[in-house]
Each structure stands twice: as C-alpha cells, then as structure tokens.
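Coordinate-derived values only; no laboratory data. Since the model is a prediction, treat every value here as computed from it, not as a measurement. Note: ideal-geometry Cβ built from the backbone for every residue, glycine included; neighbour counts use all protein chains shown.
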Amino acid sequence: MSGILLFVFNSILLGAGLAMDAFSVSLANGLNESGMTRKKTFGIAGVFSFFQWLMPMIGWICVHTIIRFFSAFEKWIPWIALILLLLIGGKMVWEGIRGKEEDTGQIGVSTMALLVQGIATSIDALSVGFAIAEYDFFMAFASAIIIGIVTFVICLAGLVIGKKAGTKLAGKASILGGIILIGIGIEIFISGVF
C-alpha cells in the first residue's frame, strides 16, 4: 500500500510543480475578466488541466516510441513558450494601455488565446514523460490524470483570486495580467535555457 501512496504523493507534487505557470496565467485571466461566469471559470481551469494531462502522456509516448525526435524538439520548448506568452501578454498590455477595456467593458480571454495559453504553460510538461518513463501505460495515464486534477484545482484558485483582485484593480487589470504573462514566458525561457 505504501507504494501506491508514494505514487499518488509523487504525482500530486509533480502536478503542483507543473501547475505553477498555469496558476499564474489563471490569475492573469481572472484579473483581466473579473466578471467571469462560473461556467467560464471552470472551462478555463479545464483547458489548463487537459493540457497538463496531455503533455506528460505525449512525452511518455515519445520516450517509448520516437525519443530521437523528442530530444531534438526539447531544446525549442523554452523558445516556444516565450514567444507564445510574449505575444499574448504583449497584446493584453497594449489593449490595456490603449484603454480598450473602457470601450468594451472588459476584455475576456478568447478561445484561441486560451488554447495558446494552455499549450504554452504545459509544453514543459512534455519532459515529464522522461520522469515517468519507467511506468507502464496505465501508471503513466494515472499519474497524468492526477497531474490534471491538481492543475484544475490550482487554476480554479488562481482564477478566483484574480477575479477578486481584478475587481479592485478595475482599469489596470489587463496591463497587470499581460505583464504577468510576459514574466512567466521569460521565467520559462530562462529556466529552460540556462
């Protein structure tokens, strides 16, 4: 029984570590759209959760099938995350500076931006496939499910905190959210390259 508990505990810790970027982006999304509906809140957390589940599974499959391709691709992960988050964050800052928030009420995260955020914040989870390479398929799948559940809970917390703070920050929320996304992109890049 202790082996199962250790497996679950390690998967929870792995999920918490992987979810920190998604938490920060969720916080930025909550700041950006303080009037977000409950349905959208759960949907956003679900998208981040899905990608945090998917990427370790893709990594695990790569380790067991096409490891040479994945090894060549791994060096580009920090660059991809940096570019995606700089684009999204820069757009949010630009719209906040232009005052577009006042014109449209509030800027909400679009479906396309959300998908890009989900990929950008979870792309580093591909390397988790190496960490769980010794697992059989079912253990890897269970670990990825736990990672996804942990991400979902952490992202919900980020969205709720961001929505509460966003209400207080009103007109500057988009700028702050964009700066957070740019910072996350730079952090992913620095930790991945150096």
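Rounded to the nearest 10 degrees, the angle from helix 38-64 to the longest Cα principal axis of the chain is 30 degrees. Using C-alpha pairs below 8 Å separated by at least 6 residues, the relative contact order for the chain is 50 percent.
Each label point was placed 7 Å from the Cα along the Cα-to-Cβ direction; for T37 and F138 their separation is 4.0 nm.
Applying the Karplus relation 6.51 cos²θ - 1.76 cosθ + 1.60 with θ = phi - 60° to segment 3-9 yields 3J(HN,Hα) values of x, 5, 4, 5, 4, 5, 4 Hz, where x marks Gly and Pro. Within the listed set T37, T121, T151, the residue fluctuating most in the Gaussian network model of the chain (springs between alpha-carbon atoms under 10 angstrom) is T37.
Positive end of the dipole of the chain (Cβ unit charges, origin at the Cα centre): among G192, F23, I80, the Cα lying farthest that way belongs to F23.
When +1 charges are put on Lys and Arg Cβ atoms and -1 charges on Asp and Glu Cβ atoms, the dipole computed for the chain relative to its Cα centre reaches about 460 debye.
For the chain, the Cα-based Rg and Dmax, in that order, read 17.2, 58 Å.
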